[in-house]
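Below is one structure; the comments refer to it alone.
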Amino acid sequence: MQIEWQYEHLDHSDALQEFAEKKLDKIDRRWGDRITRMRIFVSDINANKGGVDKHCTMEARVAGIDPVVAETTAADIYDAVKGAVDKLSHALEHAIDSRKEKRPDDQVPPLD
């Protein structure tokens with residue numbers, strides 16, 4: 001799974017990227033063959049003023065469906081990343097697993 005990072009008002013962090021990749025491992029194992037690209041945006045909304053202002057948006061590009069997006073804001077960027085991963089996992093489950101093909105016997109027969 002290819003991951004692109006974008007930072008806004010935050011310094012690049014190898015530790016944060018390693019943390020996120022470890023958290024994304026479950027998603028990669030389950031849907032990695034369907035995800036063509038992952039984009040992660042992390043930002044400090046109000047720069048150095050403090051507060052609950054660390055934001056993470058994750059966008060998974062999935063073959064055959066629209067991009068799946070999840071986002072979280074928290075006081076700590078690691079908490080924001082973890083929250084976004086949890087939301088993304090749930091969103092991918094809904095977007096991918098709910099689109100499974102119906103069984104032929106579940107389909108309405110054509111009108112003659």
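Which of (1) at pLDDT below 90; (2) in contact with a strand residue (DSSP E or B) (Cβ under 9 Å, 6 or more places away or on another chain); (3) closer than 24 Å to ILE3 by Cα does VAL81 not meet, given it meets every other one?
All conditions are met except number (1).
Name the residue that is modelled with the lowest pLDDT, counting only residues in the range 1-43 that are over 22 Å from ALA63 (Cβ atoms) and acidic (Asp, Glu).
Looking at the filtered set, the residue picked out is ASP11.
How many residues are closer than 16 Å to HIS90 by Cα, β-branched (Val, Ile, Thr) and in contact with a Lys or Arg (Cβ under 9 Å, 6 or more places away or on another chain) when one looks only at the range 1-49?
1
Which of the residues belonging to the range 24-43 are surrounded by 19 or more Cβ atoms within 10 Å (Cβ to Cβ) and either under 17 Å from MET1 (Cα atoms) or not β-branched (Val, Ile, Thr) (or both)? Explain how you work it out, then say what you get.
Of all residues in the range 24-43, those surrounded by 19 or more Cβ atoms within 10 Å (Cβ to Cβ) come to 24, 27, 31, 35, 38, 40, 42-43.
If the condition is that a residue be surrounded by 19 or more Cβ atoms within 10 Å (Cβ to Cβ) and either under 17 Å from MET1 (Cα atoms) or not β-branched (Val, Ile, Thr) (or both), then LEU24, ILE27, TRP31, ILE35, MET38, ILE40, SER43 are the ones that fit.
If you check ALA95, ALA84, ALA91, which single one turns out to be among the aliphatic types (A, V, I, L, M), farther than 16 Å from ILE35 by Cα and outside any strand (DSSP E or B)? Explain how you work it out, then say what you get.
Details: ALA95 fails: farther than 16 Å from ILE35 by Cα; ALA91 fails: farther than 16 Å from ILE35 by Cα.
Only one candidate passes the filter, namely ALA84.
Which of the residues belonging to the range 1-21 are under 13 Å from the mean Cα position of the chain (by Cα) and either among the charged types (D, E, K, R) or surrounded by 11 or more Cβ atoms within 10 Å (Cβ to Cβ) (or both)?
Taking the range 1-21 as the starting set, the residues that turn out to be under 13 Å from the mean Cα position of the chain (by Cα) are 1-5, 20-21.
The answer is MET1, ILE3, GLU4, TRP5, ALA20, GLU21.
Could you please give the count of residues in the range 69-82 that are farther than 13 Å from SER43 by Cβ, free of Cβ contacts under 8 Å to residues at least 40 places away in the same chain and surrounded by 17 or more Cβ atoms within 10 Å (Cβ to Cβ)? Quick ask: steps written out before the conclusion?
Taking the range 69-82 and keeping what is farther than 13 Å from SER43 by Cβ, we get 69-70, 75-76, 78-79, 82.
So of that shortlist, the ones also free of Cβ contacts under 8 Å to residues at least 40 places away in the same chain come out as 69-70, 75-76, 79.
Among the residues that remain, those that are also surrounded by 17 or more Cβ atoms within 10 Å (Cβ to Cβ) are: 70.
So the count comes out to 1.
If a residue counts only when it is in contact (Cβ under 8 Å) with a residue 12 or more places away in the chain and of a type in the set (A, V, I, L, M), which strands (runs of 3 or more DSSP E) contained entirely in the range 1-68 have at least 3 such residues? Walk me through how you get there before you give the answer.
Working: elements: 3-8, 35-44, 54-62.
In the range 1-68, 35-44, 54-62 are the strands (runs of 3 or more DSSP E) which contain 3 or more residues that are in contact (Cβ under 8 Å) with a residue 12 or more places away in the chain and of a type in the set (A, V, I, L, M).
The values are calculated or read from the model by the stated rules, or taken from the named source; none is laboratory data. For clarity, every value in this text was computed on a predicted model and none was experimentally measured. Ideal geometry is used to build each Cβ from the backbone, glycine not excepted, and the neighbour counts take in all protein chains shown.
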